[in-house]
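Below: one structure, written as structure tokens.
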Amino acid sequence: MNHLAHVFLAPDSPEARVGSILGDFARGVDLSALPASVRQGVRHHRAVDSYTDHHPDVLASKQVFSRQRRRFAGVALDILYDHFLLKHWERFSAIDQDAFIRRIYSELQAKEHLMPDKMARVTRRMVWNDWFGAYQDLENIGYALDRVAGRIRFSNQFTGMIMEIRAHQDELEQNFLSFFPDLQEFAGDIE
């Protein structure tokens, strides 16, 4: 899952939501030095990722991508799922979407002292450029995926993956709508 889904599913505290993003930046970080609620968010992140990686609907979605792009399907789905979560927000939450996003941005700014430098830089860009708002537009998902492709240090065919997403959008969306309620239930039961 990507950042929005992680903070959406995280335990209900600002520190746990920071930890839910920190899961992507934890390499080399002394987690024992962080508050227990941040560590809880990191554990939650890892459990959500593991569950997601093994869910039948996610595995089926990965198979719609061409052989040359399939190894990046997980990355593409993570970002695409934030788009689908925003698109279908009312199915999964009674909280106003814009209010939730504003609260998350405010929490990330207030809790920056809990983040390693790389995460702080990324979350600043996330807030300044309103990544969550931008993810409402499928075209912006394509731009985000192309930026990821540009950061990969080896030759790849990840650029342009949005074309395959568009070609299979209905199937990918239906798989998400089948998968996400299961993930919500699982995430709510994580200790």
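The values are calculated or read from the model by the stated rules, or taken from the named source; none is laboratory data. Since the structure is predicted, the reported quantities are computational estimates derived from the model, not experimental observations. Cβ coordinates were reconstructed from backbone atoms using ideal geometry, including for glycine residues, and neighbour counts include every protein chain displayed. Surface areas here come from the heavy atoms of the whole protein model, side chains and all, with no ligands, DNA or RNA. Shrake-Rupley method; radii C 1.70, N 1.55, O 1.52, S 1.80 Å.
Residue by residue, what Karplus-based ³J(HN,Hα) values in Hz, rounded to whole numbers, does region 98-109 have, using 6.51, -1.76 and 1.60 with θ = phi - 60° and x for Gly and Pro?
Residue by residue, region 98-109 yields 5, 5, 4, 4, 4, 5, 4, 4, 5, 5, 4, 5 Hz.
Give me the compactness ratio for the chain, meaning the Cα radius of gyration over 2.2 N^0.38 Å. It would help to have the intermediate numbers written out before the result.
Values: Rg = 16.0 Å, N = 191, 2.2 N^0.38 = 16.2 Å.
Ratio of Cα Rg to 2.2 N^0.38 Å: 0.99.
Dipole of region 12-100 (Lys/Arg Cβ +1, Asp/Glu Cβ -1, origin at the Cα centre): which of PHE65, ALA76, VAL29 lies farthest to the positive side?
Going by the charge dipole, the pick is PHE65.
Along the Cα→Cβ direction, 7 angstrom out, place labels at ARG103 and PHE186. What is the inter-label distance in nm?
2.5
Residue by residue through region 56-62, what is 3J(HN,Hα) from phi via Karplus (6.51 cos²θ - 1.76 cosθ + 1.60, θ = phi - 60°)? Round to whole Hz and write x for glycine and proline.
Those phi angles translate into x, 5, 6, 4, 5, 5, 4 Hz.
Using a 1.4 angstrom probe on heavy atoms only, work out the carbon and sulfur share of the accessible area of the chain in %. Intermediate values should be presented prior to the final figure.
Values: 4480 of 9560 Å².
Answer for the chain: carbon and sulfur cover 47 percent of the accessible area.
Among GLN97, GLN40, GLN68, which one shows the biggest mean-square fluctuation in a GNM of the chain, springs joining Cα atoms closer than 10 Å?
Per the Cα network of the chain with a 10 Å cutoff, GLN68 tops the list.
By how many nm would the segment from TYR143 to ASP12 grow when fully extended, if each residue of separation counts as 0.36 nm and the alpha-carbon distance is taken off?
On the way: separation 131, 0.36 × 131 = 47.16 nm, distance 3.08 nm.
44.1 nm is the gain from fully extending TYR143 to ASP12.
Return the calculated 222 nm mean residue ellipticity for the chain, to the nearest 500 deg cm²/dmol, obtained by summing -39500 (n - 2.57) across DSSP H runs with n ≥ 4 and dividing by the residue count.
Details: 12 runs with 132 residues, N = 191.
Per the formula, -21000 deg cm²/dmol.
Check cross-link reach from LYS62 to the lysines: straight Cα distance under 22 Å, and skip same-chain residues fewer than eight apart.
Output for LYS62: LYS87.
How far, in degrees from 0 to 90, does helix 36-54 lean away from the longest principal axis of the Cα atoms of the chain, to the nearest 10?
20
Could you rank ARG121, ARG102 by how accessible they are, 1.4 Å probe, largest area first?
Details: ARG121 120, ARG102 150 Å².
Ranking ARG121, ARG102 by accessible area, largest first, yields ARG102, ARG121.
In nm, give the distance between the simple-model label positions of GLU90 and ALA33, each being 7 Å from the Cα along the Cα-to-Cβ direction.
4.7
Just to confirm the number: angle between the C-alpha axis of helix 117-128 and the first principal axis of the chain, 0 to 90 degrees, nearest 10?
Orientation of helix 117-128: about 70 degrees from the principal axis.
On a 0 to 90 degree scale, rounded to 10, what angle separates helix 169-188 from the longest Cα axis of the chain?
30
Given points 7 Å out from each Cα along the Cα-Cβ axis, report the GLU171 to ASP49 separation in nanometres with one decimal.
About 2.7 nm separates the two model spin labels.
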